[in-house]
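*Asks:* I have a structure I would like to understand better, so I am pasting it below and will then ask my questions one at a time.
Each reported figure results from applying straightforward, stated rules to the coordinates on display, with no laboratory input. Model, not experiment: these values are computed from the prediction. Note that each Cβ is placed from the backbone with ideal geometry, even for glycine, and that neighbours are counted across all protein chains shown.
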């Protein structure tokens with residue numbers, strides 16, 4: 001083992017991050033549609049179902065709709081348009 005060793009820094013170069021304002025808070029979710037977004041991570045479908053059941057039990061006046069992107073790790077513009085057109089809020093589930 002007399003050869004040279006190349007070491008790479010695993011930290012890489014952090015991207016420039018620009019902060020954005022949070023969406024305005026709704027006064028109430030009663031009568032609103034909340035999209036539960038299954039981001040296709042491991043166990044996220046199970047989490048989404050538990051979250052749907054929680055809303056049904058604790059906030060029955062809130063309509064929940066489960067939605068999934070076409071594929072994981074890819075921005076799904078059609079899904080985002082549907083949420084923006086029909087929904088009042090969304091919750092993203094990234095799994096356990």
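*Asks:* Kirkwood-based Rg over Rh for region 39-93 (C-alpha set), two decimals?
*Replies:* 0.98
*Asks:* Mind checking which of 65, 25, 80 has the largest fluctuation in a GNM of the chain, springs on alpha carbons under 10 Å?
*Replies:* Comparing 65, 25, 80 in a Gaussian network model of the chain, the most mobile one is 25.
*Asks:* Right, something else. Roughly what angle does helix 77-86 make with the longest principal axis of the chain, taking Cα atoms, 0 to 90 degrees, to the nearest 10?
*Replies:* It works out to around 30 degrees.
*Asks:* Before rounding to the nearest 500, sum -39500 (n - 2.57) across all DSSP H runs of length at least 4 in the chain and divide by the residue total; then give [θ] at 222 nm in deg cm²/dmol.
*Replies:* Taking each H run of at least 4 residues, the total per residue is -8000 deg cm²/dmol.
*Asks:* Got a sec? How would 4, 36 order by Cβ neighbour count within 10 Å, fewest to most? All intermediate terms of the calculation are to be shown ahead of the outcome.
*Replies:* Working: 4 4, 36 21.
Least to most surrounded, the residues fall as 4, 36.
*Asks:* Helix 44-58 against the longest principal axis of the chain: what's the angle in degrees, Cα atoms only, rounded to the nearest 10?
*Replies:* So the helix axis and the longest Cα principal axis differ by about 30 degrees.
*Asks:* Restricting the calculation to Cα positions, tell me the Rg (one decimal) and the Dmax (whole number) of the chain in Å.
*Replies:* 19.5, 71
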